[in-house]
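**Q** Input: one structure, supplied below.
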Amino acid sequence: MNKGEVTTGRDTEAALTTVKSKGLRGGALGLLSGVVVGLASMAPAYSLAATLGLIVASGSGLLSGVKAPAVVLISFIPMYLIAVAYQELNKAEPDCGTTFTWASRAFGPIVGWLGGWGIVAAEIIVMANLVEIAGAYSFRFAGDLGWHSLASLANSRFCSTVAGAILIVMMTYVCYRGIEVSARLLYLLLSIQMLVLIGLSVVALAKTYTHSAQGFSLHPSLSWFWPGGLDFGSSTAPAVLMAIFMYWGWDTAVSCNEESEDPSRTPGRAAIISTFLLLATYTLVTVSAVAFAGVGTKGIGLGNPHNSKDIFASIGPELFGNGILGKIALLFLAASILTSATASTQTTMLKTARTTLSMGAYKALPDSFAKTHRRYRTPTTSTIAVGAVSILFYVLFTLLSENLLAALIGSVGLLIAFYYGLTGFACAWYYRNTLTNSVRDFVMRGVVPSLGGVSLVIVLIYGLGQYAKPEWLTDDDGNNITILGYGAVAAVGIGALVLGLILMVVWWAIAPGFFRGRTMTRGCPGADSDADAVRAASP
């Protein structure tokens with residue numbers, strides 16, 4: 001066996017599948033680090049701030065209202081099902097290309113390439129929303145520290161855009177510098193936001209049940225956890241796509257499989273643990289926010305469209321007050337959002353760079369994307385390219401419409417449903433010849449991933465129908481935001497996939513090797529056996 005290869009086999013049995021090393025630093029992440037990477041990538045504080053208002057209400061009225069906790073619970077189901085698919089596929093082939101590699105093995109190079117593109121497009125689009133919030137919060141945080149002249153810059157499109165671009169550059173350097181540096185920074189950033197979210201929830205619920213409750217506050221009810229009364233097509237499906245965005249990111253732990261201890265097992269376990277931890281966190285915060293602020297369309301109500309971009313900015317002052325302790329609490333709240341968006345920006349680059357690294361290694365992209373740094377053992381061209389393209393699209397979306405930046409979450413939700421669903425189907429097809437080996441294989445490698453894929457396809461179809469309506473997204477003056485006559489949210493999501501098709505055809509014409517099966521073959525020996533353990537080759 002050659003140096004740097006990763007082999008698949010049952011402990012002492014002969015290896016059946018070989019995953020060639022791409023130059024990444026193996027064994028750098030353990031289970032705890034993997035969980036931290038998965039949680040940080042989901043960016044709890046940022047995701048709640050940017051998404052919860054959109055789950056409660058759309059531009060034209062209430063969407064899920066007080067049923068937001070039910071939507072959070074429902075959205076977890078397909079996430080768990082797909083996390084199982086990732087875990088099972090990773091056992092057979094722990095490749096950092098994840099969906100790209102597995103879908104190529106299962107369905108061929110065209111489907112695999114589009115799966116990889118789905119990851120890349122979703123990450124680049126969401127980067128615009130991430131750094132927009134991070135840029136604005138950097139000025140608010142400075143203002144809370146006493147530099148009041150800087151606080152007003154949070155409302156400046158130019159200054160926020162510059163700050164966001166600087167953040168992308170900084171996180172590009174951190175990701176370039178090494179996976180260990182990235183992991184150590186994520187420990188700190190994640191700790192801050194989790195502590196603040198728990199504290200916010202406790203204070204909100206305490207005030208809701210005491211004399212400090214406001215007229216708009218509501219007492220939590222068990223009915224909030226059941227979607228009864230919501231229309232699936234017009235309310236539940238688009239709200240679920242928004243909530244799926246909140247859970248999105250746990251697969252970063254799997255994307256770092258080639259840098260993990262026990263590559264076939266640790267990343268999959270980290271991904272599933274991450275989703276369960278986020279389920280508890282999101283449910284707690286959603287219930288407490290709805291209870292304290294209510295779902296009204298005025299004031300701090302979560303149904304107020306002016307609060308949809310950032311619910312914490314609206315309810316924070318009312319929740320903590322203007323006293324000394326309140327100002328300290330607001331300072332920590334601002335810090336949590338800022339650190340959350342920063343951490344997610346970092347992990348977004350980690351995953352995207354490793355996806356394009358794998359695509360480059362298999363000649364699905366130019367060879368330069370497969371380059372890694374000799375000392376830092378990180379992707380070089382891939383990391384820099386992701387940073388540069390992210391800045392380009394961030395500026396583009398900012399110039400089109402500030403309202404579009406907030407609504408990009410819906411566009412990303414469409415892409416997430418696409419490539420997550422594809423992964424679910426790929427798992428069932430990948431293991432099709434061994435599903436009858438045992439009840440466990442039939443359920444965990446066939447039924448569960450397929451159900452995840454089907455559920456996401458259904459949500460994708462219904463959600464797309466709503467997002468495509470011209471009136472779905474409006475600006476501050478009530479004007480529809482459309483692209484070619486269709487709702488901008490749907491247009492950006494579908495447009496990203498169409499752009500991927502065009503780029504694929506162009507690359508096919510330039511370098512057809514991958515698409516003709518010369519660099520990656522269909523199927524995988526590990527899928528036709530009982531093999532599921534991976535160990536790195538000795539140097």
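**Q** Identify, please: which residue in the stretch 96-110 is hydrophobic (A, V, I, L, M, F, W, C) and part of a helix (DSSP H, G or I) and is, among those, surrounded by the fewest Cβ atoms within 10 Å (Cβ to Cβ)?
**A** So the first thing to find is which residues in the stretch 96-110 are hydrophobic (A, V, I, L, M, F, W, C), and the list is 96, 100, 102-103, 106-107, 110.
Subsequent filtering for residues that are part of a helix (DSSP H, G or I) retains 100, 102-103, 106-107, 110.
Working: 100: 31, 102: 28, 103: 29, 106: 25, 107: 18, 110: 16.
Of everything passing the filter in the stretch 96-110, 110 is surrounded by the fewest Cβ atoms within 10 Å (Cβ to Cβ).
**Q** Identify, from the list 413, 478, 487, the residue that is buried (at least 22 other Cβ atoms within 10 Å of the Cβ), modelled with pLDDT under 90, over 18 Å from the mean Cα position of the chain (by Cα) and of a type outside the set (A, V, I, L, M).
**A** 487
Yes or no, residue by residue, for (1) modelled with pLDDT of 85 or more; (2) closer than 26 Å to residue 93 by Cα:
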residue: 251; (1), (2): yes, yes
residue: 255; (1), (2): yes, yes
residue: 272; (1), (2): yes, yes
residue: 285; (1), (2): yes, no
residue: 292; (1), (2): yes, no
residue: 297; (1), (2): no, no
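**Q** Which of the residues belonging to the stretch 237-280 are surrounded by fewer than 22 Cβ atoms within 10 Å (Cβ to Cβ) and either touching a Pro at 6+ places or on another chain (Cβ under 8 Å) or in a loop (DSSP other than H, G, I, E, B) (or both)?
**A** Once the filter is applied, which keeps residues that are surrounded by fewer than 22 Cβ atoms within 10 Å (Cβ to Cβ) and either touching a Pro at 6+ places or on another chain (Cβ under 8 Å) or in a loop (DSSP other than H, G, I, E, B) (or both), the stretch 237-280 yields 261, 262, 265.
**Q** Restricting attention to helices (runs of 4 or more DSSP H) lying wholly within the stretch 133-225, give those where 3 or more residues are more than 30 Å from residue 256 (Cβ to Cβ) and at pLDDT 90 or above.
**A** Where helices (runs of 4 or more DSSP H) fall fully within the stretch 133-225 and carry at least 3 residues being more than 30 Å from residue 256 (Cβ to Cβ) and at pLDDT 90 or above, they are 179-208.
**Q** For the stretch 188-199, indicate whether the set of residues that are surrounded by fewer than 19 Cβ atoms within 10 Å (Cβ to Cβ) and more than 28 Å from the chain's Cα centre (by Cα) is non-empty.
**A** no
**Q** Now for a separate question. State whether one or more residues within the stretch 428-443 are under 21 Å from residue 111 (Cβ atoms), outside any helix (DSSP H, G or I) and touching a helix residue (DSSP H, G or I) at 6+ places or on another chain (Cβ under 8 Å).
**A** yes
**Q** Residue 531 versus (1) modelled with pLDDT of 90 or more; (2) buried (at least 19 other Cβ atoms within 10 Å of the Cβ); (3) closer than 30 Å to residue 267 by Cβ: which is the lone unmet condition?
**A** Unmet for residue 531, out of (1) modelled with pLDDT of 90 or more; (2) buried (at least 19 other Cβ atoms within 10 Å of the Cβ); (3) closer than 30 Å to residue 267 by Cβ: (1).
**Q** Given (1) of a type outside the set (Asp, Glu); (2) touching a residue at least 24 places away in the same chain (Cβ under 8 Å); (3) closer than 24 Å to residue 70 by Cβ, identify the lone condition not met by residue 350.
**A** Unmet for residue 350, out of (1) of a type outside the set (Asp, Glu); (2) touching a residue at least 24 places away in the same chain (Cβ under 8 Å); (3) closer than 24 Å to residue 70 by Cβ: (3).
**Q** Among (1) closer than 26 Å to residue 491 by Cα; (2) over 19 Å from the mean Cα position of the chain (by Cα); (3) surrounded by fewer than 24 Cβ atoms within 10 Å (Cβ to Cβ), where does residue 365 come up short?
**A** The one condition residue 365 does not meet is (3).
**Q** So if I check each of 423, 383, 347, which one is assigned to a helix (DSSP H, G or I), within 20 Å of the chain's Cα centre (by Cα), at pLDDT 95 or above and β-branched (Val, Ile, Thr)? Give the derivation first.
**A** Numbers: 383 fails: at pLDDT 95 or above; 347 fails: at pLDDT 95 or above.
The unique qualifying residue is 423.
**Q** Shifting gears a bit: Identify the residue in the stretch 276-319 that is among the β-branched types (Val, Ile, Thr) and within 21 Å of residue 226 (Cβ to Cβ) and, among all such residues, is nearest to the chain's Cα centre (by Cα).
**A** So, considering only residues that are among the β-branched types (Val, Ile, Thr) and within 21 Å of residue 226 (Cβ to Cβ), the one nearest to the chain's Cα centre (by Cα) is 281.
**Q** Starting from the stretch 356-369, keep only residues that are farther than 14 Å from residue 98 by Cα, then list their pairs with residues that are β-branched (Val, Ile, Thr) and in a loop (DSSP other than H, G, I, E, B) whose Cβ atoms are within a distance under 6 Å, requiring at least 6 positions of separation or different chains.
**A** 363/519
**Q** Now, a different point. Let me confirm something: among 116, 27, which residue is closer than 19 Å to residue 251 by Cα and crowded, with 24+ Cβ neighbours inside 10 Å?
**A** Exactly one residue qualifies, and that residue is 116.
**Q** Which condition number in (1) of a type in the set (Lys, Arg); (2) surrounded by fewer than 24 Cβ atoms within 10 Å (Cβ to Cβ); (3) closer than 22 Å to residue 192 by Cβ is the one that residue 375 fails?
**A** Every listed condition holds for residue 375 apart from (3).
The values are calculated or read from the model by the stated rules, or taken from the named source; none is laboratory data. Owing to the predicted nature of the structure, the values given are computational and were not obtained by experimental measurement. With ideal geometry, Cβ positions are generated from the backbone for all residues, glycine too; neighbour counts draw on all protein chains shown.
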